[in-house]
Amino acid sequence: QVQVVESGGGLVQAGGSLRLSCAASGMIFMIYPMAWYRQAPGNERELVAGINTGRRENYADSVKGRFTISRENGKNTVYLQMNSLKPEDTAIYYCAISLGSRNYWGQGTQVTVSS
């Protein structure tokens, strides 16, 4: 059984910062790629940022230069530092770990950015 748990969401004013955390545990014996996604009301879930086992990062164009994904050494724990937040960043943020062909998802954490 794989568990993915996110934390760190909340309400912030535009221009502010938040840091999201995500830890994957359970029957995981290796380091795997992990990513952050988000879904705003009425929109499809979209990739925000990903990091592979070699710490290579990739970002959606909309967050480049503002968000940074990082992972804890040797662990399936990742963070998303979000700076210069905009109202359009408002969404539920989900963390996912990719074990082969399957993604395991967390419950999500709400991020709300007020103007």
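A Gaussian network model of the chain, with springs between Cα atoms under 10 Å, assigns the largest mean-square fluctuation among VAL48, VAL63, VAL78 to VAL63.
If you count only protein heavy atoms with a 1.4 Å probe, what accessible area per residue comes out for the chain, rounded to a whole Å²? Present the calculation step by step, with values, prior to reporting the outcome.
Numbers: 6290 Å² over 115 residues.
Ligands and nucleic acids excluded, the figure is 55 Å² per residue.
Note: relative contact order over region 68-115, using C-alpha pairs below 8 Å and six or more positions apart, is 32 percent. Taking PRO87, PRO41, PRO33 as the candidate residues, the one with maximal mean-square fluctuation in a Gaussian network model of the chain, Cα springs under 10 Å, is PRO41.
Just the number, please: carbon plus sulfur as a percent of the accessible area of the chain, 1.4 Å probe, no ligands or DNA/RNA counted.
Details: 2960 of 6290 Å².
Looking at the chain in its full context, I get 47 percent from C and S.
Averaging sequence separations of C-alpha pairs under 8 Å and six or more residues apart, then dividing by the length of the chain, give the relative contact order as a whole percent.
Details: 278 pairs, mean separation 41.9, N = 115.
Reported relative contact order: 36 percent.
Debye-formula intensities of the chain, expressed as log10 I(q)/I(0) at q = 0.10, 0.19 Å⁻¹, are -0.26, -0.94 (one equal scatterer per alpha-carbon, no solvent).
Taking every pair of Cα atoms in region 1-49, average 1/r, invert it to obtain the Kirkwood radius, and report Rg/Rh to two decimals.
Details: Rg = 13.7 Å, Rh = 13.2 Å.
Here Rg/Rh amounts to 1.03.
For the options THR90, THR68, THR53, a Gaussian network treatment of the chain with springs between C-alpha atoms closer than 10 Å singles out THR53 as fluctuating the most.
The values are calculated or read from the model by the stated rules, or taken from the named source; none is laboratory data. As the structure is a computational prediction, the values presented were derived from the model and not from experiment. Just so you know, the surface numbers come from the protein's heavy atoms only, side chains and all, with ligands and any DNA or RNA stripped out. Shrake-Rupley method; radii C 1.70, N 1.55, O 1.52, S 1.80 Å.
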